[in-house]
1. Considering every residue within the range 104-114, establish whether at least one is within 16 Å of the ligand (Cβ to nearest atom), in a strand (DSSP E or B) and open to solvent by 10 Å² or more (accessible area, probe 1.4 Å).
2. Right, GLU127: under 20 Å from ALA66 (Cα atoms), acidic (Asp, Glu) and part of a strand (DSSP E or B) or not?
3. Any idea which of SER112, SER92, SER68, SER98 is farther than 17 Å from PRO145 by Cα, out of contact with any helix residue (DSSP H, G or I) (no Cβ under 9 Å at 6 or more places or on another chain) and among the small types (Gly, Ala, Ser)?
4. Closer than 23 Å to PRO52 by Cα, open to solvent by 20 Å² or more (accessible area, probe 1.4 Å) and among the charged types (D, E, K, R): is that true of LYS120 in this structure?
5. Report, ordered by the first and then the second residue, all pairs with beta carbons closer than 7 Å, sequence separation of six or more or different chains, a first member in the range 123-141 that is more than 16 Å from the ligand (Cβ to nearest atom), and a second member that is part of a loop (DSSP other than H, G, I, E, B).
6. Which condition number does PRO163 fail, the rest of (1) in contact (Cβ under 8 Å) with a residue 12 or more places away in the chain; (2) out of contact with any helix residue (DSSP H, G or I) (no Cβ under 8 Å at 6 or more places or on another chain); (3) within 16 Å of the ligand (Cβ to nearest atom) being met?
7. Take the range 58-70 and flag every residue that is closer than 28 Å to SER42 by Cβ, in a helix (DSSP H, G or I) and away from the ligand (no atom under 12 Å from the Cβ).
8. Considering every residue within the range 84-94, establish whether at least one is surrounded by 13 or more Cβ atoms within 10 Å (Cβ to Cβ), part of a helix (DSSP H, G or I) and within 16 Å of the ligand (Cβ to nearest atom).
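The values are calculated or read from the model by the stated rules, or taken from the named source; none is laboratory data. Computed from a predicted structure; not experimentally measured. Quick reminder, even Gly has a Cβ in these numbers, built from the backbone with ideal geometry, and neighbours come from all protein chains shown. Each accessible area value is taken on the protein alone, full model and side chains, heavy atoms only, with ligands, DNA and RNA left out. Shrake-Rupley method; radii C 1.70, N 1.55, O 1.52, S 1.80 Å.
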Amino acid sequence: MNQFLSRRTFILIPTMSFLKIIFKPMQVFASSLVSKEEWNFSKDEWKARLSPESYYILREEGTERAFSSQLNNEKRKGIFHCAGCDLPLFSSDKKYDSGTGWPSFWDSIQGSVETKVDFKLIVPRTEYHCSRCGGHQGHVFNDGPPPTGKRYCNNGLALRFVPE
Ligand SMILES: [Zn+2]
């Protein structure tokens, strides 16, 4: 009997750590942590500050419908700010038409966004968010144009455009 138990334990332990590896990425669903204490608002405070649509994107990592944002076709010179905290994230001179239906950039303003890996579509994707308020912006892919080869695929609802 003792021998049976120890054999079972022996099998169970590696199985458990395997499951832990599999399920660990699921914990990434909540919004990213804020880096600045003054932007550490509660859910209700964020709801009061943002439109329901922007709240869904920024605080629940939602995705807007493709081709739904006016910023997709925005061609003027200017700066794209975080809709959550107004931090400048992207410049119009690094915006390009990716054909995906979301505002796309080949580079961000240095230090303005941070990344993490999410598994919402099973396949791992690199999520990025505002480095100040933690608001979700979009995903970054490696099929962008030179010189970076990056495509920052951003939700228009997470941005506020300020023309030059
Ligand atoms: Zn922000």
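1. Looking for residues that are within 16 Å of the ligand (Cβ to nearest atom), in a strand (DSSP E or B) and open to solvent by 10 Å² or more (accessible area, probe 1.4 Å), one finds at least one in the range 104-114, hence yes.
2. Yes, satisfied.
3. Numbers: SER92 fails: farther than 17 Å from PRO145 by Cα; SER68 fails: out of contact with any helix residue (DSSP H, G or I) (no Cβ under 9 Å at 6 or more places or on another chain); SER98 fails: farther than 17 Å from PRO145 by Cα.
It is SER112.
4. Working: closer than 23 Å to PRO52 by Cα: yes; open to solvent by 20 Å² or more (accessible area, probe 1.4 Å): yes; among the charged types (D, E, K, R): yes.
Criteria met by LYS120.
5. VAL140/LYS150
6. That leaves (3) as the condition not met.
7. Once the filter is applied, which keeps residues that are closer than 28 Å to SER42 by Cβ, in a helix (DSSP H, G or I) and away from the ligand (no atom under 12 Å from the Cβ), the range 58-70 yields only GLU60.
8. Here is the first cut: in the range 84-94, the residues surrounded by 13 or more Cβ atoms within 10 Å (Cβ to Cβ) are 84-92, 94.
Within this subset, residues satisfying the condition of being part of a helix (DSSP H, G or I) are 92, 94.
Restricting the remaining residues to those that are within 16 Å of the ligand (Cβ to nearest atom) gives none.
Within the range 84-94, not a single residue is surrounded by 13 or more Cβ atoms within 10 Å (Cβ to Cβ), part of a helix (DSSP H, G or I) and within 16 Å of the ligand (Cβ to nearest atom).
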